[in-house]
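The values are calculated or read from the model by the stated rules, or taken from the named source; none is laboratory data. Note that the structure is predicted; figures quoted are calculated from it, not measured. Here the Cβ positions follow ideal geometry from the backbone for every residue, glycine too, while neighbour counts run over all protein chains shown.
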Amino acid sequence: MSGPESGGLESARERWVRTAEGIDLCVAELGDAERPTVVLLHGYPDSKEVWSMVARQLAGRFHVVLYDVRGHGRSSAPEPLRRGFTLEKLTRDFLAVADAVSPDRPVHLVGHDWGSVQGWEFVTVKETEGRIASFTSMSGPSLDHFGHWIRRRMTRPTPRRLAQALGQGIRSWYIYMLHTPVLPELAWRGPLSTYWPKYLRRAEKLPADGYPTESLPRDAAHGAWLYRDNVRSRLRSPREDCYAHVPVQLITPTKDVFLSERLYDELALWEPGLIRHTLDARHWIPRTRPDQLAVWITDFVNARESGPTGAEVRGAVASGPLAERFGGALVLVTGAGSGIGKATALAFAEVGARIVAVDVDGRSAARTAELAQEAGAPRAWAETVDVSDEHEMEKLAEKVAAEYGVVDVLVNNAGIGVSGPFLETTTEDWKRTLDVNLWGVIHGCRLFGKQMAERGQGGHIVNTASDAAYQPTRLLPAYGTSKAAVLMLSECLRAELAGKGIGVTAICPGPVNTDITRTARFVGLDEEEQQRRRDRVTRLYKLRNYPPEKVAKVVMRAVVRNQAVVPVTPEAHGMRMLSRFAPKVLRALARIEPRL
């Protein structure tokens, strides 16, 4: 996290809030105080600086408030420490801050780690009713919900439930250590404070300058009392009346080494309208995925501020596993005006992704953007670009980054068809085919892949190749060559970007019922004969009738699974198998002259 030495919150307005107990809380504010207030709560062993990157992105839209929890950062600590960090006292601290920064309007609460644990307490107690408008929870369960979760697994055990409890018990090893007397304080004041930032950079992939160490030993030593004062008592005797009185959004990193995803599976018992998102990330998402968090927080707060009821807020976001993964993500699709590109853009829109529809035909791109918003995309934009033009693609990349954000999923789908013998394929045919099918992919990968890498928050690139990439045929020397190059580019790029958390997938469809057959060029034929050939091939593809919507589903699944090469259609799977295990058969098939 960016700390004082890295200037994370240097532009913030700072004030001190004294509680009735005499604790001085250090509070930082950004943005216009007349706008809705968003309060960001940090976890253990952090300070408010952990939120600096998210806060800067939210400050243009909201009044953003961050404060150091008692005993952390620049806030004072209770004396004595024992029983000084109970959830009841933390609740009173929050109310003191809320009354100081937003006396007349309820605040939107966002918590990470122990900030989320506190947040669950705040939104389930009567003292805060009317002071909180919404709650976004990350990587921190309600201790009451956790207690009931454990109790159900102990009183009604099944092999699966026992395995879940054992798995979470292993992940919670550090909690047992923090309950031991004196040892945690000695460790944090000793070698652990030096080791911890190194661990976060290596295992959690935090930036090299991403963790201040100045107040770490003190913060971590004081924060041990968060666990000692609350965990055992709440897990043994969880409250029965622990229902949230505000809409709740849950963001779950799928690679969290401290908290199992299964821990949240029964939250619907306490919050039936819960909105849930997942991130392919580890625990410290305020530092590793600030862009995505800012989008989700913004959309959730705006929905609540626009005036709908809690139920309407909950229903404003698509549900389901794919919505959890892609809701709010920025997805750019080239060749989005028709066919696979259009179907892919709409499929991502249906699960709540923001869409940039790119096509050389501006009208078709605009239509796809309109349909994307009707399908459920919170926002969708159309861009008219020839992907083969390097300068146009550079302008597109600059515009998207400046106006929409860094792309989370890039689908390089634009392509053209060309068929005919090699000896009759002209230089111009080759140039146009390679410019669109290969150079269009290269431009997209180079420009948007670089932005993903520089952001440091991962991402995914999908390149549309073809089963022609590994299926030689005398009919498609130019097209097959371009797609084979896309396949190899994808494999090479996947190896290069793996260390940056960016996945790369090559999609290899077989015959799909799209408009590519209606616009394909058949070399060596006059225009009239070309049109007859197009009509015949189009009829064949219609008889095969494999819809582009099926390809779109495969694309989304490939991103979720981070697959490398994905054949689509039975024909593509069959040819892939032959290319690997019986290449001589494939070469023999290539020599057959088809009748079209």
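Some notes on this structure:
- Test: R262 is among the charged types (D, E, K, R), outside the structural domain of G405 (by TED's automatic domain parsing) and at pLDDT 90 or above: no
- Qualifying residue in region 394-404 (condition: in a loop (DSSP other than H, G, I, E, B), aliphatic (A, V, I, L, M), outside the structural domain of T278 (by TED's automatic domain parsing) and surrounded by 22 or more Cβ atoms within 10 Å (Cβ to Cβ)): no
- For region 534-554, a tally of residues being surrounded by fewer than 18 Cβ atoms within 10 Å (Cβ to Cβ), at pLDDT below 75 and basic (K, R) returns 4.
- Among the candidates A311, A303, residue that is in a helix (DSSP H, G or I), more than 18 Å from the chain's Cα centre (by Cα), of a type in the set (G, A, S) and at pLDDT below 85: A311
- Which numbered condition F135 fails, given (1) surrounded by 20 or more Cβ atoms within 10 Å (Cβ to Cβ); (2) over 30 Å from the mean Cα position of the chain (by Cα): (2)
- A count restricted to region 473-494 and to residues that are among the hydrophobic types (A, V, I, L, M, F, W, C) and either over 19 Å from A564 (Cα atoms) or modelled with pLDDT under 95 (or both) stands at 3.
- Within region 151-167, tally of residues that are in contact (Cβ under 8 Å) with a residue 24 or more places away in the chain and in contact with a helix residue (DSSP H, G or I) (Cβ under 6 Å, 6 or more places away or on another chain): 1
- Pair list, Cβ under 7 Å, 6 or more apart: region 422-438 residue more than 22 Å from V411 (Cβ to Cβ), other residue among the aliphatic types (A, V, I, L, M) and assigned to a helix (DSSP H, G or I): T425/A478; D429/A478; W430/A478
- Top-ranked residue in region 1-18 [being at pLDDT 95 or above and not charged (D, E, K, R); ranked as surrounded by the most Cβ atoms within 10 Å (Cβ to Cβ)]: V17
- Checklist (1) buried (at least 24 other Cβ atoms within 10 Å of the Cβ); (2) at positive phi; (3) in contact (Cβ under 8 Å) with a residue 40 or more places away in the chain applied to G376, failing item: (1)
- When region 344-381 is filtered for residues that are over 21 Å from G327 (Cβ atoms), touching a Ser or Thr at 6+ places or on another chain (Cβ under 8 Å) and not hydroxyl-bearing (S, T, Y), the ones remaining, listed by number, are V358, D359, V360, D361, G362, A365.
- Taken as a whole, the structure places A329 among residues that are over 26 Å from W430 (Cα atoms), in contact with a strand residue (DSSP E or B) (Cβ under 9 Å, 6 or more places away or on another chain), buried (at least 21 other Cβ atoms within 10 Å of the Cβ) and at pLDDT below 95.
- Residue match in region 113-126 (condition: small (G, A, S), in the same structural domain as L200 (by TED's automatic domain parsing) and over 17 Å from L9 (Cβ atoms)): yes
- Qualifying positions in region 78-93 - in contact with a Phe, Trp or Tyr (Cβ under 9 Å, 6 or more places away or on another chain) and among the acidic types (D, E): D93
- Among the residues of region 336-380, those identified as part of a loop (DSSP other than H, G, I, E, B), touching a strand residue (DSSP E or B) at 6+ places or on another chain (Cβ under 8 Å) and among the aliphatic types (A, V, I, L, M) are A336, A353, V360, A377.
- Every pair of residues 6+ apart whose Cβ atoms lie under 9 Å, when the first sits in region 197-211 and is within 15 Å of A281 (Cβ to Cβ) and modelled with pLDDT under 80 while the second is part of a loop (DSSP other than H, G, I, E, B) and of a type in the set (S, T, N, Q): P207/S2; G210/S2
- Any hit, region 69-89, residues being free of Cβ contacts under 8 Å to residues at least 40 places away in the same chain, surrounded by fewer than 19 Cβ atoms within 10 Å (Cβ to Cβ), in the same structural domain as L206 (by TED's automatic domain parsing) and under 32 Å from the mean Cα position of the chain (by Cα): no
- Within region 575-588, the set of residues being of a type outside the set (G, A, S) and either surrounded by 13 or more Cβ atoms within 10 Å (Cβ to Cβ) or without any contact (Cβ under 8 Å) to a residue 40 or more places away in the chain (or both) comprises M575, R576, M577, L578, R580, F581, P583, K584, V585, L586.
- As a summary of the residue check, A100 satisfies the conditions (1) of a type in the set (A, V, I, L, M); (2) out of contact with any helix residue (DSSP H, G or I) (no Cβ under 9 Å at 6 or more places or on another chain); (3) not in a helix (DSSP H, G or I) except for the one numbered (3).
- In region 555-567, the residues that are part of a strand (DSSP E or B) and either surrounded by fewer than 19 Cβ atoms within 10 Å (Cβ to Cβ) or at pLDDT below 95 (or both): V565
- Inside region 222-240, residues that are out of contact with any Gly (no Cβ under 8 Å at 6 or more places or on another chain) and touching a residue at least 24 places away in the same chain (Cβ under 8 Å) make up a count of 8.
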